[in-house]
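In what follows, a structure is listed as structure tokens, so that the remarks can point back to it.
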Amino acid sequence: MDRVRDLASKKAAVIFTTSSCCMCHSIKQLFYELGASPAIHELDKDPSGRDMEWALRRLGCNPTVPAVFIGGRYIGSAKDVLSLHLDGSLKQMLIDASAIWF
């Protein structure tokens, strides 16, 4: 769990994904379109991916991917991120965390 927390706090925006997840791809694209360059950790390609997936579950991430962290804080899964984007607060969260500048 310490590794997940450490990775989640190293950059302003961090997304834990799997390479075959279509919602993970959509969330990554959304961040790129907003001008962010999130750290991407693909659990299925990481030797510690299974352990990180269990750690994400223990942190309350359900479903485990995509798990989005902004400013070191867990924001939620795809549904949560899309809701934040639709109400306009996602962009402000990225600005506040210095993930994008405007």
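The values are calculated or read from the model by the stated rules, or taken from the named source; none is laboratory data. From a predicted model like this one, the values you see are computed outputs, not experimental measurements. Because the Cβ atoms are built from the backbone with ideal geometry, glycine has one as well, and the counts that use them run over all protein chains shown. For accessibility, only protein heavy atoms count, side chains too; no ligands or nucleic acids. Shrake-Rupley method; radii C 1.70, N 1.55, O 1.52, S 1.80 Å.
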**OP:** Determine whether SER77 is out of contact with any helix residue (DSSP H, G or I) (no Cβ under 6 Å at 6 or more places or on another chain), open to solvent by less than 60 Å² (accessible area, probe 1.4 Å) and more than 17 Å from LYS10 (Cβ to Cβ).
**Re:** yes
**OP:** Go through SER48, SER19, SER26 for me and flag whichever is of a type in the set (Ser, Thr, Tyr), out of contact with any Asp or Glu (no Cβ under 9 Å at 6 or more places or on another chain) and open to solvent by 50 Å² or more (accessible area, probe 1.4 Å).
**Re:** SER26
**OP:** Give segment 53-73 a look and list any residue that's more than 13 Å from the chain's Cα centre (by Cα), of a type in the set (A, V, I, L, M, F, W, C) and either buried (at least 17 other Cβ atoms within 10 Å of the Cβ) or on the phi > 0 side of the Ramachandran plot (or both), or say none.
**Re:** ALA55
**OP:** Looking for whichever is under 20 Å from ALA12 (Cβ atoms), of a type in the set (Phe, Trp, Tyr) and part of a strand (DSSP E or B) here; the options are PHE69, PHE31, PHE102. Which one fits?
**Re:** PHE69
**OP:** Residues being within 19 Å of SER9 (Cβ to Cβ) and either in contact with a Pro (Cβ under 8 Å, 6 or more places away or on another chain) or not acidic (Asp, Glu) (or both): count how many of those fall in segment 34-48.
**Re:** 8
**OP:** May I ask you to verify whether PHE16 is aromatic (Phe, Trp, Tyr), over 16 Å from LEU94 (Cβ atoms) and touching a residue at least 40 places away in the same chain (Cβ under 8 Å)?
**Re:** yes
**OP:** Run down SER37, SER26, SER9 and say which single residue is modelled with pLDDT under 95 and either hydroxyl-bearing (Ser, Thr, Tyr) or in a loop (DSSP other than H, G, I, E, B) (or both).
**Re:** SER9
